[in-house]
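Note sheet for the following structure.
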């Protein structure tokens with residue numbers, strides 16, 4: 001029997017942008033709609049169907065792949081049956097991957113883990129529940 005891979009959660013691309021409003025205007029022309037965030041804090045979540053992007057001004061150096069355990073594509077809780085970020089962390093470390101940011105193993109609830117792909121792109125596993 002083969003082991004089933006764990007689900008990383010809802011997927012989005014987090015874009016490091018120089019001008020939040022210009023980026024919002026551009027993506028709205030591609031039929032993305034405001035789905036959350038706070039322009040006063042320089043971040044927005046935009047959605048087109050099941051595709052979600054975050055635009056972040058001055059928060060990240062590079063674009064990142066983001067996964068949210070416990071959320072569906074609308075950033076709504078999927079309930080209690082999901083793989084906790086700390087479990088992902090243990091599995092990634094067991095596979096020999098180096099983490100750039102780790103979650104506190106003694107904590108519960110929201111936490112984040114980050115690693116870099118071979119090209120230096122950040123991969124963020126960011127649990128909000």
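The values are calculated or read from the model by the stated rules, or taken from the named source; none is laboratory data. Keep in mind that what you see is a predicted model, and the values were worked out from it rather than measured. Methodologically, a virtual Cβ is constructed for each residue, glycine included, from the backbone with ideal geometry; neighbour enumeration extends over all protein chains shown.
The set of residues in region 3-62 being over 29 Å from residue 86 (Cβ atoms), assigned to a strand (DSSP E or B), free of Cβ contacts under 8 Å to residues at least 40 places away in the same chain and touching a helix residue (DSSP H, G or I) at 6+ places or on another chain (Cβ under 7 Å) consists of 46 alone. Scan region 69-78 and give yes if some residue there is in contact (Cβ under 8 Å) with a residue 40 or more places away in the chain, touching a helix residue (DSSP H, G or I) at 6+ places or on another chain (Cβ under 8 Å), at negative phi and not in a loop (DSSP other than H, G, I, E, B), otherwise no. No, because not a single residue in region 69-78 is in contact (Cβ under 8 Å) with a residue 40 or more places away in the chain, touching a helix residue (DSSP H, G or I) at 6+ places or on another chain (Cβ under 8 Å), at negative phi and not in a loop (DSSP other than H, G, I, E, B). Checking each residue in region 118-128 for being touching a residue at least 24 places away in the same chain (Cβ under 8 Å) and part of a loop (DSSP other than H, G, I, E, B) picks out 120, 121, 128. Scan region 79-107 for residues that are more than 15 Å from the chain's Cα centre (by Cα), in a loop (DSSP other than H, G, I, E, B) and modelled with pLDDT of 95 or more and the total you get is 8.
Applying the criterion of being out of contact with any helix residue (DSSP H, G or I) (no Cβ under 9 Å at 6 or more places or on another chain) and surrounded by 13 or more Cβ atoms within 10 Å (Cβ to Cβ) to the residues of region 98-123, the residue that is nearest to residue 16 (Cα to Cα) is 122. For residue 37, the conditions (1) on the phi < 0 side of the Ramachandran plot; (2) surrounded by 13 or more Cβ atoms within 10 Å (Cβ to Cβ); (3) at pLDDT 95 or above are fulfilled apart from (1).
Going through region 79-97 one residue at a time, which ones are surrounded by fewer than 17 Cβ atoms within 10 Å (Cβ to Cβ) and at negative phi?
Of the residues in region 79-97, the ones surrounded by fewer than 17 Cβ atoms within 10 Å (Cβ to Cβ) are 79-81, 87, 90-91, 93-97.
80, 81, 87, 90, 91, 93, 94, 95, 97, listed by residue number.
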